[in-house]
Amino acid sequence: FLLTGRVPFSGDTAIAKMFKHMEEDAPLVSSIRRDCPADVTQLVRRMMAKKPEQRFNIPAELVQTITQLQRNRLRAAGSPTNEEDV
C-alpha cells in the first residue's frame, strides 16, 4: 500500500479479498508504479510470496537485503559508501 497507494487484493467483501489473497499473486509494484525500480519490485514480490520458503526466513535477512540494495544504489550514483551510514 505504501508504494502503490492501493491494497494488493481488492474485492467487494472480505471473503472475496481473502480468496484473491489465497489464490492470486499480488500484482507487481512496477505494474502500478512504472517508476519503481526492478530491485524494489523483486524485493516486495519476495516479501509477499505465497510459499513461506520463498520469503525471507528472518527479519535480519530482509534488513541485509535492503542494506545491500541501498549500497548498490549509492555506488551506482557515484556516492561513497560508508558502512555506518547505510
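The values are calculated or read from the model by the stated rules, or taken from the named source; none is laboratory data. The structure presented is a predicted model; accordingly, all values stated were derived computationally and were not measured. Neighbour counts are summed over all protein chains in view; Cβ atoms, including those assigned to glycine, are modelled from backbone coordinates with ideal geometry. The area values use the complete protein model at the heavy-atom level, side chains included, leaving out ligands, DNA and RNA. Shrake-Rupley method; radii C 1.70, N 1.55, O 1.52, S 1.80 Å.
Below is a table of values for the structure above.
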{"quantity": "Residue count, region 1-22 (criterion: open to solvent by less than 90 Å² (accessible area, probe 1.4 Å) and either part of a loop (DSSP other than H, G, I, E, B) or in contact with a Pro (Cβ under 6 Å, 6 or more places away or on another chain) (or both))", "calculated": "9"}
{"quantity": "Members of region 48-64 that are closer than 14 Å to H21 by Cα and either surrounded by 13 or more Cβ atoms within 10 Å (Cβ to Cβ) or in contact with a Ser or Thr (Cβ under 9 Å, 6 or more places away or on another chain) (or both)", "calculated": "M48, A49"}
{"quantity": "Filter pass, R75 being out of contact with any Ser or Thr (no Cβ under 9 Å at 6 or more places or on another chain) and loosely packed, with under 15 Cβ neighbours inside 10 Å", "calculated": "no"}
{"quantity": "Matching residues, region 23-54, being assigned to a loop (DSSP other than H, G, I, E, B), of a type outside the set (D, E) and touching a Phe, Trp or Tyr at 6+ places or on another chain (Cβ under 8 Å)", "calculated": "A26"}
